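Okay, so here's the structure we're looking at.
Just so it is clear, none of the values below were taken in a lab; they were calculated from the coordinates. Note that the structure is predicted; figures quoted are calculated from it, not measured. Positions of Cβ are generated from backbone atoms using ideal geometry, with glycine treated the same way; all protein chains shown enter the neighbour counts.
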Amino acid sequence: MSPNNNPVSGLNQPIYVKSLQTITTPNIVSSPSYAAAQNGTFFAITTQSRSVAANGFLTVQLTNPANSGRTLYIQRVSGGATVNTTIDVLLNATFSAAGTSIPPVNSNQGSTNTSLTTSKSITQATDPTIGGTIFNSIIQTGGPVVIDYNGEIAIPPTTTNRTFYVRLTNNTNQTNLLSLNISWFELVT
């Protein structure tokens, strides 16, 4: 019997667990995100560093389009600021402006798989957020922030668009340098 070295078989296979442990064949455990990366179904986006005005906002909207046939599993939100910032994570929020498109990058450079998601960011002086439900809110005094969800936020396909939305608020009266990154893996549902 062999260990489960690959819990995600690809876009069309569900996550599965096979656990056999004995003294002579101990378990080898890998995370679903590791297996997704190996299979070319792990993606990431970044705003890179952005200059944000005093009391301004940097937001990112990741959208699972209607009828995509894929479920997104959020792995990590990371980013930071040079000084005081609030990080809000919202489900199904939007902003109406066109924003700047952010192309998803496949972490497996040998894979030709592409993400069906769309993502965009915007930096502006007023809060662009429309609707949504706050899922997390963190005050950061400066430096990096990493929020590991480890695939625990699932965004399934429905007949309407669903969004994963992150808003950084510059809590200072001066320009602040901010950045945001989101990583996720996708499975066909």
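As an equivalent ellipsoid, region 81-189 spans semi-axes of 25, 17, 15 angstrom, where each value is the square root of five times an eigenvalue of the C-alpha gyration tensor, largest first.
Label positions at residue 66 and residue 148, each projected 7 Å from the Cα along the C-beta direction, are separated by 3.8 nm. For region 80-95, backbone phi angles converted through the Karplus equation (6.51, -1.76, 1.60; θ = phi - 60°) give residue-by-residue couplings of x, 8, 6, 9, 3, 9, 10, 10, 10, 10, 10, 9, 6, 8, 9, 10 Hz, Gly and Pro being listed as x.
Paramagnetic label reach from residue 30 (point 7 Å along Cα→Cβ; backbone nitrogen cut-off under 13 Å): within region 90-121, residues 108. Note that region 122-132 has calculated 3J(HN,Hα) couplings of 8, 10, 7, 6, 10, 5, x, 5, 10, x, x Hz, one per residue in order, obtained from phi through the Karplus relation 6.51 cos²θ - 1.76 cosθ + 1.60 (θ = phi - 60°); glycine and proline are x.
Neighbours of residue 169, meaning other residues whose beta-carbon lies under 12 angstrom from its beta-carbon, give a summed charge of -1 when Lys and Arg score +1 and Asp and Glu score -1.
For the pair residue 83 and residue 116, label points projected 7 Å from Cα toward Cβ lie 4.5 nm apart. Cα-based values for the chain, radius of gyration first and Dmax second, are 18.1, 62 Å. Model label sites at residue 160 and residue 174, defined 7 Å from Cα along the beta-carbon direction, differ in position by 4.3 nm.
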